[in-house]
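To keep things clear, I will list the structure first and then write my remarks on it.
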Amino acid sequence: MIRKAIFAFVGVALSTAALASERPALRSDVTVTSNVVLIGDLIENAGVVANVPVFRAPALGQTGTIAASQVLAAVRPHALVGLDPGAVSEITVTRASRAILPSEIETLVATALAKSYTLSNSTEVSVTFTRPLRTLHLEPTQTGAPQIEQLRFDARSGKFDGTLTLAGVSGMQMRLMGTAVVTAETVELLRPIGRGEIIKMSDLTIRRTPRAQITSETIVDPEQAIGMAARSAINAGRPLHANELMKPELVQRNESVTIVYQMPGLMLAVRGKAGDGGAEGDMIDVVNLQSNRTVRATIIGRGQVAVAPMTARIIAAAAIPSSLSQPSAGANRE
């Protein structure tokens with residue numbers, strides 16, 4: 001008897017659970033594929049009224065919300081027994097779409113121009129549209145490949161005109177107009193730098209620049225700039241040029257330096273004062289503080305300059321005492 005009562009209780013519980021699982025309930029987030037929203041899209045277990053339209057769907061690819069109270073009011077005439085909104089206060093509705101991004105359209109145009117007009121590799125063709133492009137949303141069933149047709153290009157002005165179509169879909173056309181230029185990679189500064197400041201890898205970036213704007217001085221490899229110094233202040237956001245750079249200054253104007261005089265069998269080092277600043281290899285005027293004479297010297301290191309061999313002989317001879325550089329009277333008599 002007890003066993004029968006237990007089985008009866010379990011049966012009632014299971015039946016109650018089954019009924020609860022089949023009871024109509026509001027969904028909180030739905031995606032629709034047509035231009036109308038059906039009762040079955042909004043309500044789970046809607047039964048025979050599931051295919052009844054009640055709202056207009058958002059535009060392709062867009063999302064909207066419907067208050068739960070609006071849904072309950074819309075389905076009230078259909079007498080959905082046991083419908084309880086529960087904790088759902090609004091339903092988010094998204095209209096499914098196939099999205100074609102502006103970047104995809106830009107690549108299509110660049111590829112078509114490169115192929116039809118032999119401009120360059122498509123990755124080197126930069127395209128700018130007359131009107132900014134937006135993402136193109138299509139019905140999910142429209143699976144045809146997008147393509148560019150009726151393309152025209154004026155090489156002198158760089159202007160193009162064409163039509164975007166979808167394979168297998170008649171009537172789907174979008175006119176595209178703009179300009180196209182062939183570009184190449186150039187080196188730019190990420191920040192302004194001051195005169196004499198040394199450039200590091202972290203200061204540089206690579207951007208594409210129209211080839212017509214590139215000269216023999218334009219830097220295209222970061223290694224050409226790393227470790228160099230600015231001849232004067234340089235702003236960021238434009239291609240960097242070799243004539244704007246110099247080797248880092250190793251000697252500053254009026255700085256104390258070591259003057260190295262070197263010739264076979266002899267090397268002298270004396271104190272001097274730089275008349276100019278410069279980088280390694282630059283020739284500057286230097287005052288020999290021992291003789292107070294000005295000589296031309298080449299910068300060879302930080303705070304160091306070297307004189308030419310001929311100058312070194314003259315200065316070395318001048319530095320040797322006369323009693324050692326001329327024979328004595330006694331020596332002549334001998």
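One table, with the values for the structure above:
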| quantity | calculated |
| --- | --- |
| Qualifying residue in the range 280-288 (condition: touching a Leu at 6+ places or on another chain (Cβ under 8 Å), crowded, with 16+ Cβ neighbours inside 10 Å and touching a residue at least 24 places away in the same chain (Cβ under 8 Å)) | no |
| Filter result (on the phi < 0 side of the Ramachandran plot, in contact with a Leu (Cβ under 8 Å, 6 or more places away or on another chain) and assigned to a loop (DSSP other than H, G, I, E, B)) within the range 225-237 | Ala225, Ile226, Met228, Arg231, Asn235, Ala236 |
| Some residue of the range 53-63 being within 30 Å of Ser126 (Cβ to Cβ), crowded, with 16+ Cβ neighbours inside 10 Å, of a type outside the set (Phe, Trp, Tyr) and outside the structural domain of Gln147 (by TED's automatic domain parsing) | yes |
| For Val127: the one exception among (1) touching a helix residue (DSSP H, G or I) at 6+ places or on another chain (Cβ under 7 Å); (2) modelled with pLDDT under 90 | (2) |
| Some residue of the range 81-102 being under 30 Å from Ala212 (Cβ atoms), loosely packed, with under 15 Cβ neighbours inside 10 Å and under 32 Å from the mean Cα position of the chain (by Cα) | yes |
| Residue selected from the range 137-150 under the condition within 22 Å of Ala114 (Cβ to Cβ) and free of Cβ contacts under 8 Å to residues at least 40 places away in the same chain, by the criterion surrounded by the most Cβ atoms within 10 Å (Cβ to Cβ) | Gln147 |
| Residue in the range 184-198 that is in the same structural domain as Ser122 (by TED's automatic domain parsing), out of contact with any His (no Cβ under 7 Å at 6 or more places or on another chain) and more than 24 Å from Lys247 (Cβ to Cβ) present | yes |
| 2 or more residues over 15 Å from Gly196 (Cβ atoms), in contact with a helix residue (DSSP H, G or I) (Cβ under 7 Å, 6 or more places away or on another chain) and outside the structural domain of Gly227 (by TED's automatic domain parsing): qualifying strands (runs of 3 or more DSSP E) within the range 248-287 | 256-263, 266-274 |
| Test: Glu44 is farther than 25 Å from Leu138 by Cβ, in the same structural domain as Thr135 (by TED's automatic domain parsing) and among the charged types (D, E, K, R) | no |
| Selection count where residues are among the hydroxyl-bearing types (Ser, Thr, Tyr), closer than 30 Å to Gly227 by Cβ and at pLDDT below 95, scope the range 145-201 | 1 |
| Any pair with Cβ under 7 angstrom, 6 or more apart, that starts in the range 20-45 at a residue that is of a type in the set (S, T, N, Q) and ends at one that is in a strand (DSSP E or B) and modelled with pLDDT under 95 | Asn45/Ala25 |
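The values are calculated or read from the model by the stated rules, or taken from the named source; none is laboratory data. Model, not experiment: these values are computed from the prediction. Reconstructed Cβ throughout: ideal geometry from the backbone, glycine too, with neighbour counts over all protein chains shown.
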